[in-house]
Amino acid sequence: MNQGEPLDHVARIQADWRRERPDLDVSPQGVIGRLHRLADRLTEELCLVYGRHGLGEGEFDVLCALRRAGEPYERAPGELAAHTMVTTGAMTKRIDRLERAGLVTRRRSDDDQRGRIVALTTPGRELVDRAFTDHMRNEHRLLDLLTPAEAASLETLLTSWLSRMDPVAPLDRPAPER
């Protein structure tokens, strides 16, 4: 931080730790703490948009994963779990809620009668298209708090850091997209 700038929450925590534990280098908190706080704030802002469409974050993720699949907008529950990085048990609960709302259907797999396929209904596709449009507008609004150069630099840094922490996922396990 520049001298003269007021201390933010993370800087105050760092100052407290420097006072209490001068033997430790607490500089990583400057990045990690702010990223954590920013992630929480971003999640709050994103969830406001999902809520306007009657969706939680998990339901939005499932509908997006189905919509991105392309016609006929369907995937197996295990595939949905991999695309949204949740357990199959959590996925079952999400699918149950979406099915009760008439946004998805479940049917037996043509290939494996024991397997199931989850598909978007027409109302589900219409809802996710509206919600995703609003979601992208919201993400643009949030990113517009940075200059284009800052946003590009941040994307480069985050991509680099994430690639070092999260090795490239196999093609059959894509990272979740929103």
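The values are calculated or read from the model by the stated rules, or taken from the named source; none is laboratory data. Since this is a predicted model, take the numbers as computed values, not measurements. All Cβ positions, glycine included, derive from the backbone under ideal geometry; neighbour counts span all protein chains shown. In case anyone asks, the SASA skips ligands and DNA or RNA and just uses the protein heavy atoms, side chains included. Shrake-Rupley method; radii C 1.70, N 1.55, O 1.52, S 1.80 Å.
Name the single residue that is modelled with the lowest pLDDT among those in region 134-178 being open to solvent by less than 60 Å² (accessible area, probe 1.4 Å) and closer than 19 Å to VAL49 by Cβ.
Only one residue fits best here, namely PRO176.
Would you say THR87 is surrounded by fewer than 17 Cβ atoms within 10 Å (Cβ to Cβ), closer than 22 Å to LEU55 by Cβ and touching a helix residue (DSSP H, G or I) at 6+ places or on another chain (Cβ under 9 Å)? Steps first, please.
Details: surrounded by fewer than 17 Cβ atoms within 10 Å (Cβ to Cβ): yes; closer than 22 Å to LEU55 by Cβ: yes; touching a helix residue (DSSP H, G or I) at 6+ places or on another chain (Cβ under 9 Å): yes.
When the stated conditions are applied, THR87 passes them.
If we only count helices (runs of 4 or more DSSP H) wholly inside region 1-79, which ones have 3 or more residues that are among the basic types (Lys, Arg) and either open to solvent by 90 Å² or more (accessible area, probe 1.4 Å) or more than 23 Å from LYS93 (Cβ to Cβ) (or both)? Quick ask: steps written out before the conclusion?
Working: elements: 9-20, 28-52, 57-68.
The qualifying helices (runs of 4 or more DSSP H) are 9-20, 28-52.
Filter region 37-96 down to the residues that are of a type in the set (Ser, Thr, Tyr) and farther than 27 Å from HIS140 by Cβ, then identify the one that is modelled with the highest pLDDT.
Ranking the candidates gives THR92 first.
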